[in-house]
Amino acid sequence: VFRLYPAFLVVLFGVAVAMLALRPSSEALVNNSLDTDISPKVILNHILLIGISRVDVGLVPPMWSLVYEWRFSLLFPLAAPFCMKWPRIFLVGGFIFYALALALCATRGLGWPYFYGFGRIGSVYVTMVFLPIFGLGMALATITSARSFPRMPRALELVVAVIAVAVFGLVRDQMIVAFAAIALMTTILFGTTIKVMLETPSVEWVG
């Protein structure tokens, strides 16, 4: 609550006030994502991070990711003990769960990009796609904190990082994207150049 809500509420109410003040015409909203009606119900659904349909994220489109982060935060206390005790099993289970979620989404015609839920059942399936990504990060953090690993050679580090970033921009297969994310995190953890760059005060300040 304290990490997500303050900045989110400032943006949400700032957008709502601006929309009410400017009252843009329908012509101005062509190809514009801010086409959600402003009503108490819509505002409440935004505040509660419902994220079931497009209208639930229409005022602040980037908030789609907060919906899943919020849901993961609620489940984290239940998942953490299992991850800490059996991190490798947790890691493998995350991939199995992820593959199952992709298959379930395919049965409903849901594909990339998974931004919001497309109804209640779809919201559950899409949530199942994103939650294992958080779980993979948990498992990786637990495994790497338990023992020391050798440093990755600088040349290999840069190659892996470039390939991973290219995958994010060019590939739409979610399983491959997940592997690329793990590769990039591993590079940051066990490399030197990127880790030093990310730990500089200016880069940390911008998040």
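The values are calculated or read from the model by the stated rules, or taken from the named source; none is laboratory data. From a predicted model like this one, the values you see are computed outputs, not experimental measurements. Cβ: placed from backbone, ideal geometry, glycine included. Neighbour counts: every protein chain shown. SASA here: full protein model, heavy atoms, side chains in, ligands and nucleic acids out. Shrake-Rupley method; radii C 1.70, N 1.55, O 1.52, S 1.80 Å.
Odds and ends about this structure:
- Residues (assigned to a helix (DSSP H, G or I) and either surrounded by 14 or more Cβ atoms within 10 Å (Cβ to Cβ) or touching a residue at least 24 places away in the same chain (Cβ under 8 Å) (or both)) located in the stretch 94-115: G94, F95, F97, Y98, A99, L100, A101, L102, L104, C105
- Identity of the residue in the stretch 73-93, of a type in the set (F, W, Y) and within 21 Å of the chain's Cα centre (by Cα), that ends up least open to solvent (accessible area, probe 1.4 Å): F90
- Some residue of the stretch 138-146 being of a type in the set (V, I, T) and either under 16 Å from the mean Cα position of the chain (by Cα) or open to solvent by 50 Å² or more (accessible area, probe 1.4 Å) (or both): no
- Among the residues here, L20 does not qualify as on the phi > 0 side of the Ramachandran plot and either assigned to a helix (DSSP H, G or I) or at pLDDT 85 or above (or both).
- Hey, F118 farther than 18 Å from A180 by Cβ and not in a helix (DSSP H, G or I) or not: yes
- Test: residue in the stretch 122-136 that is free of Cβ contacts under 8 Å to residues at least 24 places away in the same chain and over 30 Å from G58 (Cβ atoms): no
- Whenever a residue of the stretch 148-174 is part of a helix (DSSP H, G or I), its partners that are open to solvent by 70 Å² or more (accessible area, probe 1.4 Å), lying with C-beta atoms within less than 8 angstrom and at least six residues away or across chains, give the pairs V167/I176; Q174/W112.
- Checking I176 against (1) open to solvent by less than 80 Å² (accessible area, probe 1.4 Å); (2) modelled with pLDDT under 90; (3) β-branched (V, I, T), the condition it does not meet: (1)
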